[in-house]
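Trainee: Please find one structure pasted underneath; my questions will follow.
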Amino acid sequence: MIPQNVIITNRLEDTINDFFQSVSYSNTAVLVDENTLKYCYPKIKRLLPPHSIIEIPAGEIYKNIETCSRIWQHITDLQFDRNALIINLGGGVIGDMGGFCASTYKRGIDFINIPTTLLAQVDAAVGGKLGIDFNGFKNHIGLFKDPEKVIIDPEFLQTLSKRELRSGFAEVIKHSLIADKIYWPNISDNAFDQQDWKAHIAHSVQVKAKIVSEDFKEKGLRKILNFGHTIGHAIESYFLGKPNYLLHGEAIAAGMICELYLSAEKCFLPEEQVATARKFILNMFDFVEIEEKSIPQIARLASQDKKNESNKILCTLLSEIGTSEFDIQISQQDIIDALWYYKKLKVNQI
């Protein structure tokens, strides 16, 4: 079931009009980056009440406290009170940071998300996780708060490059691997350009919403959404700010392959299922070149993962496609082994 605050629509104008007819705000601002300002804002500009634009640079590297300070200063200068609204128009960075800034400004003002990337539409815009990166660690500072509305229009996907679209696809793959074996062939039996994005968006929202409804603050079941992310976030953090930086989904794809290996080792995921999922992911995503000397550094980054407890690295792994287990303890050596497994795949052409 789709959550009440989430609307998937191909009638964006009617949806936005309906929202603003039902509410009244003292001030409104639209948070954008240079890409969404150019390609997405023109689609909604005339549909909004009088508003201000807050533009920030695009990219995960700017999802930090310094950018938040700029946003807070901007809405302070605009004299936003507690009856104001922020509209987050963009991908996961915009939604995470805009929601975080809104939820902490004067102890909280309303915000809505209009996600414009596949990644944000299937994952980041749903579930109430808000946060920023800190000292190189992904989403290290944050909180839980649902937006007033999430308005998802698949037409925004036409503004994306193939690389950005593919990045979001990693989360689509993940949702099926962790929770829906029946849906898996709808993904794995099709080439990239044959994927049904509208169906995948609806499916991913439903999967995530069901999990989040049972465990909003990630005390138990919600941890299964982190499959691929313990190692994937460490890989993403390592490459953050480097010329060969990775998009989130690119790092998570590599992380999922590493954690498929650990799933076989720790949860007895059948090798034929490991091979099936591994082959599909490798066919969909470019191989990440990980230098031998960086492997221990990436493993150490995983020690700061948010899911860890009492200095134990806790991971979500699969016992079969569509069934996942959370709080599986792994070691830094396990991560090193998994990264070597991934690295050797290119040599072995598997």
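The values are calculated or read from the model by the stated rules, or taken from the named source; none is laboratory data. This is a predicted model, so every value here is computed, not measured. Cβ placement follows ideal geometry from the backbone for every residue including glycine, while neighbour counts extend to all protein chains displayed. Side chains are part of the model used for accessible areas, which takes the heavy atoms of the whole protein and leaves out ligands, DNA and RNA. Shrake-Rupley method; radii C 1.70, N 1.55, O 1.52, S 1.80 Å.
Trainee: Pull up segment 61-82, narrow it to residues that are under 28 Å from the mean Cα position of the chain (by Cα) and of a type in the set (A, V, I, L, M, F, W, C), then point me to the one that is most open to solvent (accessible area, probe 1.4 Å).
Mentor: In this case the residue turns out to be Ile61.
Trainee: Related question: Can you tell me which residue among Val23, Val32 is among the aliphatic types (A, V, I, L, M), open to solvent by less than 60 Å² (accessible area, probe 1.4 Å), closer than 16 Å to Ile94 by Cβ and out of contact with any Cys (no Cβ under 7 Å at 6 or more places or on another chain)? Walk me through it before giving the result.
Mentor: Numbers: Val23 fails: closer than 16 Å to Ile94 by Cβ.
After ruling out the rest, the residue left standing is Val32.
Trainee: In addition: For segment 98-114, name all the residues that are under 18 Å from Tyr62 (Cα atoms) and either in contact with a strand residue (DSSP E or B) (Cβ under 6 Å, 6 or more places away or on another chain) or aromatic (Phe, Trp, Tyr) (or both).
Mentor: Gly98, Gly99, Phe100, Ala102
Trainee: Among the candidates Ser213, Ser263, which residue alone is open to solvent by 20 Å² or more (accessible area, probe 1.4 Å) and not in a loop (DSSP other than H, G, I, E, B)?
Mentor: Working: Ser263 fails: open to solvent by 20 Å² or more (accessible area, probe 1.4 Å).
The conditions single out Ser213.
A quick yes/no check of all residues on (1) out of contact with any His (no Cβ under 9 Å at 6 or more places or on another chain); (2) hydrophobic (A, V, I, L, M, F, W, C); (3) closer than 30 Å to Pro243 by Cα; (4) at pLDDT 95 or above:
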residue: Tyr39; (1), (2), (3), (4): yes, no, yes, yes
residue: Ile44; (1), (2), (3), (4): yes, yes, no, yes
residue: Leu48; (1), (2), (3), (4): yes, yes, no, yes
residue: Pro57; (1), (2), (3), (4): yes, no, yes, yes
residue: Ile65; (1), (2), (3), (4): yes, yes, yes, yes
residue: Ile71; (1), (2), (3), (4): yes, yes, yes, yes
residue: Thr76; (1), (2), (3), (4): yes, no, no, yes
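Trainee: Residues of segment 1-42 being part of a helix (DSSP H, G or I), in contact with a Gly (Cβ under 8 Å, 6 or more places away or on another chain) and closer than 15 Å to Ala125 by Cβ, which ones? First the steps, then the outcome.
Mentor: At the first step, the residues of segment 1-42 found to be part of a helix (DSSP H, G or I) are 12-22, 34-39, 41-42.
Now drop any that are not in contact with a Gly (Cβ under 8 Å, 6 or more places away or on another chain), which leaves 35-36.
Thr36, the sole residue that qualifies.
Trainee: What's the total number of residues in segment 148-162 that are open to solvent by less than 10 Å² (accessible area, probe 1.4 Å) and either touching a Gly at 6+ places or on another chain (Cβ under 7 Å) or assigned to a helix (DSSP H, G or I) (or both)?
Mentor: Residues meeting the conditions: 1.
Trainee: Among the residues of segment 173-208, write down those that are open to solvent by 10 Å² or more (accessible area, probe 1.4 Å), in a helix (DSSP H, G or I) and touching a residue at least 24 places away in the same chain (Cβ under 8 Å).
Mentor: Listed by number, the residues that qualify are Ala179, Trp184, Ser188, Phe192, Trp197, Lys198, Ala202, His203, Gln206, Val207, Lys208.
Trainee: While we're on this one: Of the residues Ile86, Ile94, which is in a helix (DSSP H, G or I), of a type in the set (A, V, I, L, M) and in contact (Cβ under 8 Å) with a residue 40 or more places away in the chain?
Mentor: Going through Ile86, Ile94 in turn, just one is in a helix (DSSP H, G or I), of a type in the set (A, V, I, L, M) and in contact (Cβ under 8 Å) with a residue 40 or more places away in the chain: Ile94.
Trainee: List pairs: first residue in segment 252-270 and under 14 Å from Gly228 (Cα atoms), second residue of a type in the set (Lys, Arg) and open to solvent by 10 Å² or more (accessible area, probe 1.4 Å) anywhere in the structure, Cβ distance under 7 angstrom, at least six positions apart or on different chains.
Mentor: Partner pairs satisfying both residue conditions: Ile257/Arg278; Leu260/Arg278.
Trainee: So Leu165 clears everything in (1) in a helix (DSSP H, G or I); (2) open to solvent by 10 Å² or more (accessible area, probe 1.4 Å); (3) farther than 27 Å from Val274 by Cβ except one condition, right? Which one?
Mentor: (3)
Trainee: Test Gly228 against the stated conditions and say whether it is open to solvent by less than 10 Å² (accessible area, probe 1.4 Å) and under 26 Å from Tyr342 (Cα atoms).
Mentor: So Gly228 passes the test.
Trainee: Pick from segment 43-58 the residues that are assigned to a strand (DSSP E or B) and open to solvent by 40 Å² or more (accessible area, probe 1.4 Å): which of them is farthest from Leu160 (Cα to Cα)?
Mentor: Filtering first and then ranking leaves Ile53.
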